[in-house]
Amino acid sequence: MKNNDFQLTIGWLYPQLMSTYGDRGNIVILQKRCEWRGIKTEILTIDQATSDQKLKTIDLLFGGGAQDREQEIVMNDLHKKKTVIKQLIEDTIPALFVCGAPQLMGHYYEPAEGKRIEGLGIFDMYTKHPGPRNDRLISNVIAKLEIQNFTSPSHLVPSPYLIGFENHGGRTFLGDSAKPLAKIIKGFGNNGKDGTEGVVYKNALGSYLHGPLLPKNPQIADWLIAKALEVKYKKEIELEKLDDTLEEKAKEILMKKLQVNF
Ligand code: GLN
């Protein structure tokens, strides 16, 4: 099969309500890195009007950050889509959820004010905001991927350093069965205490990193694309290598600036 025989449907959760700090850049980079390789994409924006039938066509799912108020609005609708979204993740469809999105995929999120928001329970974790007058966790971040979570496709072992920017009030605590995405080198990560950043369940990744995450860390974009192709076409599909010199340089400069040796 040639690359241009491949097609991916990328689901984007509530773009009008969930896209803080340039998170839509993640969608742009997924589209571009597919396009540069001749892989066709379709973006399915998910909102109140999206049917279960449409949701079932998704090959890769993305959700960006949101403020507490928007998270509550989203959740009122997302509960109606719970069965299908949980099934997609169980069926190993790759997903990336950033900041406010993974908070909604855990057991619950307690916002700065108001009542607890029940999550979808995909990730074994919960998140609590310490309240409106308490500090937010704001920082540039460098983290090291827990590389053992990324064993396949075998031609694609992502380079281990993640860079990004975090800005959240919520503190996330992982349950016993949850695996962190990365370990914090600089910054706060999930809660500023235990050194974990993000979460992994099957092929779903949660992270606090904006930046946006995928343009700054294209190895994760490629992993998501390769995984989506593997799951859809039921075989490993080797991705053509792209020139990431500029991205690597940017990473190097940030690491130097934050005095991280690698
Ligand atoms: N409302 C959440 C928090 O403050 C998420 C913020 C975000 O997505 N940037 O923790």
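The values are calculated or read from the model by the stated rules, or taken from the named source; none is laboratory data. No experiment lies behind these values; they were computed from the predicted model shown. Positions of Cβ are generated from backbone atoms using ideal geometry, with glycine treated the same way; all protein chains shown enter the neighbour counts. Just the protein is used for accessible areas: all its heavy atoms, side chains included, with ligands, DNA and RNA removed. Shrake-Rupley method; radii C 1.70, N 1.55, O 1.52, S 1.80 Å.
Amide H contacts of L8 (H built 1.01 Å from N, in plane; Pro and chain starts excluded): K40, T41, E42 sit under 5 Å, all sequence-distant by 5 or more or on other chains.
Taking 13 Å as the straight-line reach from the Cα of K40, the aspartates and glutamates in range (excluding those fewer than 8 positions away in the same chain) are D5, D59.
Pop out the carbon and sulfur fraction of the accessible area of region 3-257 as a percent, whole number, probe 1.4 Å. So the carbon and sulfur contribution to the accessible surface is 50 percent. Calculated FRET efficiency, L242 to K144, Cβ-Cβ distance, R0 = 22 Å: about 0.45 to the nearest 0.05. In the chain, the DSSP beta bridges split such that about 55 percent are antiparallel, to the nearest 5. With a threshold of 24 Å on the Cα-Cα distance, the over-threshold entries among K81/K183; K82/K193; K32/K241; K86/K193; K186/K227 are K81/K183; K82/K193; K86/K193; K186/K227. Comparing Cα centroids, region 71-125 and region 196-262 end up 22 angstrom apart. Here the dipole of the chain is about 180 debye; that uses its Cα centre as origin and unit charges on the Cβ of Lys and Arg (positive) and Asp and Glu (negative). Within straight-line reach of K56, meaning a Cα separation under 13 Å, sit the following aspartates and glutamates at least 8 residues removed in sequence or on another chain: E90, D91.
Taking 0.36 nm per residue of separation and subtracting the Cα-Cα distance, full extension of the segment from R24 to D176 would add 51.6 nm. Ranked by the mean number of other Cβ atoms within 10 Å of their residues, highest first, the peptides 238-248, 184-194 fall in the order 184-194, 238-248. Sorting the segments 9-19, 249-259, 203-213, 106-116 by their residues' average number of neighbouring beta-carbon atoms within 10 angstrom, most packed first, yields 203-213, 9-19, 106-116, 249-259. With Rh defined as the Kirkwood radius, the inverse of the mean 1/r over Cα pairs, the Rg/Rh of the chain is 0.94.
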